[in-house]
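A.B. asks: My questions all concern the structure below.
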Amino acid sequence: FRSQIISELSRALNLGDGLLEGGYDKCIEYILQDTGANIDDLKKAQEPIHIPSAVPYKERKYTESGYDTPTGKFELVSTVIEKLGPSSGLDCLPTYRSSLDNADPSLYPFILFTGSSISNAYNSRLHHIPGLRSLRPRPQADIAIEDAEVLNILHGDEIEVSTPLGSITLMANPSAMIKKGTISIYHDYKEADVNTLISWNHLDPYSGFAGFKSIRCSMKRKESSDAK
């Protein structure tokens with residue numbers, strides 16, 4: 001399904017990618033090209049088919065033949081990072097570093113994480129289908145029951161979650177699934193866009209991945225006169 005959407009977009013945008021523009025079946029044929037199987041066989045088969053080129057799993061294969069590293073060994077000290085030198089600020093030996101941002105913990109005592117899955121949505125896909133959106137129509141923050149009790153927050157109350165970049169207003173959902181001191185917010189409500197609370201340069205220094213689960217934030221209950 002995803003490949004079909006990408007193929008149709010490629011044709012509509014005239015990207016010049018012959019494989020993608022060839023359609024879903026052509027993409028599957030490309031994936032299968034080294035297996036000895038073809039898409040027609042898969043469509044006809046009622047059960048999994050035998051792949052002649054399949055190689056049985058062999059224990060300790062990498063120990064015997066070498067790993068995909070410059071040394072061919074299992075590296076505790078990364079030779080790739082070592083070559084970058086001290087100026088990179090990276091450690092060639094695995095070292096724990098807190099992934100939290102630098103916001104003042106006395107002002108922002110909670111940890112915000114986003115990106116958790118909910119049953120009726122898959123990232124931005126499906127989330128705006130009316131029937132599915134009706135399962136969780138309002139943007140909400142899942143918070144720990146202990147934190148809700150301390151702050152006198154009840155289910156359904158409007159709360160304000162803030163970082164140094166700004167604030168959004170959501171419905172409170174105290175939950176036993178949430179660890180004390182943390183707040184979970186789903187990321188695809190345009191009227192309460194949690195991404196606006198996350199700095200663009202708060203990134204993992206090794207992979208460059210955004211720190212969606214390590215943002216310091218604050219939380220407070222909004223009084224009725226202040227609520228929207």
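A.B. asks: Return a yes/no flag: does the stretch 102-124 have any residue that is touching a Phe, Trp or Tyr at 6+ places or on another chain (Cβ under 8 Å), under 23 Å from Ala141 (Cβ atoms), open to solvent by 40 Å² or more (accessible area, probe 1.4 Å) and among the hydrophobic types (A, V, I, L, M, F, W, C).
C.D. replies: yes
A.B. asks: Assess whether Glu160 counts as being acidic (Asp, Glu) and in contact with a Ser or Thr (Cβ under 6 Å, 6 or more places away or on another chain).
C.D. replies: Yes; evaluated as a whole, the condition is true for this residue.
A.B. asks: Also: Taking helices (runs of 4 or more DSSP H) that do not extend beyond the stretch 66-158, which have at least 1 residues that are of a type in the set (A, V, I, L, M, F, W, C) and in contact with a Leu (Cβ under 6 Å, 6 or more places away or on another chain)?
C.D. replies: Counting at least 1 such residues, we get 79-84, 130-133.
A.B. asks: What is the number of the single condition among (1) touching a helix residue (DSSP H, G or I) at 6+ places or on another chain (Cβ under 7 Å); (2) assigned to a loop (DSSP other than H, G, I, E, B) that Gly208 does not meet?
C.D. replies: In the conditions (1) touching a helix residue (DSSP H, G or I) at 6+ places or on another chain (Cβ under 7 Å); (2) assigned to a loop (DSSP other than H, G, I, E, B), Gly208 misses (1) alone.
A.B. asks: Which pairs have Cβ atoms under 6 Å, sit 6 or more apart or on different chains, and link a residue in the stretch 11-29 that is under 10 Å from Ile39 (Cα atoms) to one that is among the aliphatic types (A, V, I, L, M) and at pLDDT 85 or above?
C.D. replies: Asp25/Ile39; Ile28/Ile39; Glu29/Ile39
A.B. asks: Related question: Name the residues in the stretch 59-81 that are of a type in the set (Ser, Thr, Tyr), over 26 Å from Gln33 (Cβ atoms) and open to solvent by 80 Å² or more (accessible area, probe 1.4 Å), would you?
C.D. replies: If the condition is that a residue be of a type in the set (Ser, Thr, Tyr), over 26 Å from Gln33 (Cβ atoms) and open to solvent by 80 Å² or more (accessible area, probe 1.4 Å), then Tyr67 is the only one that fits.
A.B. asks: Still on this structure: State all residues of the stretch 132-144 that are more than 15 Å from Ile185 (Cα to Cα) and open to solvent by 50 Å² or more (accessible area, probe 1.4 Å); if no residue qualifies, say none.
C.D. replies: Residues satisfying the conditions are Leu132, Ser134, Leu135.
A.B. asks: Considering only residues that are under 19 Å from Lys222 (Cα atoms) and open to solvent by 40 Å² or more (accessible area, probe 1.4 Å), which ones fall in the stretch 175-207?
C.D. replies: Those that are under 19 Å from Lys222 (Cα atoms) and open to solvent by 40 Å² or more (accessible area, probe 1.4 Å): Glu191, Asp193.
A.B. asks: Would you pick out the residues in the stretch 144-200 that are of a type in the set (Asp, Glu) and within 16 Å of Phe113 (Cβ to Cβ)?
C.D. replies: Those that are of a type in the set (Asp, Glu) and within 16 Å of Phe113 (Cβ to Cβ): Asp147, Asp188, Asp193.
A.B. asks: Report yes if some residue within the stretch 56-66 is without any contact (Cβ under 8 Å) to a residue 24 or more places away in the chain and more than 30 Å from Pro94 (Cα to Cα); otherwise report no.
C.D. replies: Yes, because at least one residue in the stretch 56-66 is without any contact (Cβ under 8 Å) to a residue 24 or more places away in the chain and more than 30 Å from Pro94 (Cα to Cα).
A.B. asks: Exactly one condition in (1) of a type in the set (A, V, I, L, M); (2) open to solvent by 20 Å² or more (accessible area, probe 1.4 Å); (3) touching a residue at least 60 places away in the same chain (Cβ under 8 Å) is not met by Ile215; state its number.
C.D. replies: The failed condition is (2).
The values are calculated or read from the model by the stated rules, or taken from the named source; none is laboratory data. Note that the structure is a prediction, hence the values are computed from the model and not measured. Here Cβ is always computed from backbone atoms with ideal geometry, including for glycine, and neighbour counts include all displayed protein chains. Side chains are part of the model used for accessible areas, which takes the heavy atoms of the whole protein and leaves out ligands, DNA and RNA. Shrake-Rupley method; radii C 1.70, N 1.55, O 1.52, S 1.80 Å.
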